[in-house]
Structure formats: structure tokens, C-alpha cells
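Remarks on the structure that follows.
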Amino acid sequence: MKSSIRPMIGADKAAVTAILRALPEFTSEEVVVAEEVIDSYLEKSLSSGYHILVVEEGSAVAGYVCYGPTPLTSGTWDMYWLAVDAGRQGQGIGRALMAFAEERIRESDGRLIIIETSGRPQYEKTRRFHMSQGYAEIGRMADFYAPGDDKLFFEKRLR
Ligand SMILES: CC(C)(COP(=O)(O)OP(=O)(O)OC[C@H]1O[C@@H](n2cnc3c(N)ncnc32)[C@H](O)[C@@H]1OP(=O)(O)O)[C@@H](O)C(=O)NCCC(=O)NCCS
């Protein structure tokens, strides 16, 4: 099936939010925040501080990635959100989206990419995904999200 990656537009919002809502990894509060970020990007484009790309499989949106330059840094970027439709995971879509975003970051002279994620057991698959894409766990803030729910930091150095 033909696959393409392109910047998100308003018409993609329903599909992206449906993907987010159906994923067990995200709480409803997290989905609300993800939607606020999407709205900010759709309204203000890159001046929102976010870059959002969607991947289309055939004519259907199968996932999205949201990243942006970390404020007050030189060459550091945050990978904020990445999600692939639950029914289409494990087919290389997440890897392709991540690689595409990393290439854009490299072109913008980015040198360091940071991912913050939860240490909860339901994120185990996500952590393995990050490591398979060359990210290393570099830190952990104990009990950050809630008692027993640590915040983990992953990094990838581009140069
Ligand atoms: C994490 C996520 C984006 C990965 O996308 P995906 O399309 O399923 O992943 P891919 O098929 O591209 O797999 C890429 C790599 O991860 C590995 N991988 C994927 N799922 C895995 C699993 N369940 N266990 C171990 N490795 C896994 C693959 O082996 C592959 O490795 P390779 O590049 O060496 O071949 C997707 O599973 C997802 O949306 N998860 C829920 C939301 C989430 O956790 N988002 C990230 C935090 S914001």
C-alpha cells in the first residue's frame, strides 16, 4: 500500500484524535493535552513551537508525530508525541515517522533529541521501541507522574 508522510492539516484532526483515543497507553487527560497541542499547531503552524507530521497509508491517516525545538536550548529538540493506529502497529510505520522527523531535525541543525516518557509497565513496549530506534535511557525522575510512576528521559545524539 502506498505510504506517505506530510505535515498535518485540519482535515486530519478527526483521524488523529480517533487514533489517540483508541490507544490504551494514553489516559483521557493525556489525549486532551495532545489535542490542545494539535489545535495550537493547526492555528499557528510552526510559530506554535510544534511540528506535526502524519503518515498516510493509502488514503487513511495511520499515525502522527509531534516534535519541536526545546525552548532556550541550542540544537536540542523534543519528541513530544508519537502514535500509530492500534491496528497498524508493528509494520514499520512508527520507525518511518520517527526517521522522517529526525531527518527534518538534522536539516534544522538539531544535535540532540530528547524523549520523556513514563516508567509504568504499560509503556514497556514503547520503551523497547525507543531503544530499537537508537535512543538511550539517560535519566529517571522517581515518582514524577505519581507515586511509583517515574519519568524517564531518553536521548539520541545526531552529532
Ligand atoms: C510506539 C509506536 C509508535 C511504535 O510504532 P510501530 O509502528 O508499532 O513500530 P514499528 O513497526 O515501526 O517498529 C519499529 C521497531 O520497534 C520494534 N517494536 C515495535 N513494537 C515492538 C514490541 N511490541 N516489542 C518489541 N519491539 C517492538 C520493532 O521490532 C522495530 O524494530 P526495528 O526498527 O529494529 O525493526 C506504537 O506502538 C504506538 O503508537 N504505541 C502507543 C503510543 C505510544 O506509546 N507512543 C509513544 C510515546 S508518545
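The values are calculated or read from the model by the stated rules, or taken from the named source; none is laboratory data. The structure displayed is predicted, hence computed values, not measured ones. Cβ: placed from backbone, ideal geometry, glycine included. Neighbour counts: every protein chain shown. Heads up: the accessible areas ignore ligands, DNA and RNA and are worked out on the full protein's heavy atoms, side chains in. Shrake-Rupley method; radii C 1.70, N 1.55, O 1.52, S 1.80 Å.
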Evaluate the following for Arg120: is it over 27 Å from Tyr41 (Cα atoms) and surrounded by 13 or more Cβ atoms within 10 Å (Cβ to Cβ)?
-> yes
Selection within region 123-159 - within 13 Å of the ligand (Cβ to nearest atom), modelled with pLDDT under 95 and loosely packed, with under 15 Cβ neighbours inside 10 Å | Glu124, Lys125
Write out, first by first residue and then by second, each pair whose Cβ atoms fall under 8 Å of each other, whose residues are 6+ apart or on separate chains, and whose first residue, in region 25-44, is touching a residue at least 40 places away in the same chain (Cβ under 8 Å) and within 12 Å of the ligand (Cβ to nearest atom) while the second is open to solvent by 80 Å² or more (accessible area, probe 1.4 Å) and not in a helix (DSSP H, G or I).
-> Val37/Tyr80
So which of Glu124, Glu107, Glu137 ends up being under 14 Å from His51 (Cα atoms) and without any contact (Cβ under 8 Å) to a residue 24 or more places away in the chain?
-> Glu107
2 or more residues open to solvent by 60 Å² or more (accessible area, probe 1.4 Å): qualifying strands (runs of 3 or more DSSP E) within region 1-95 = 3-7
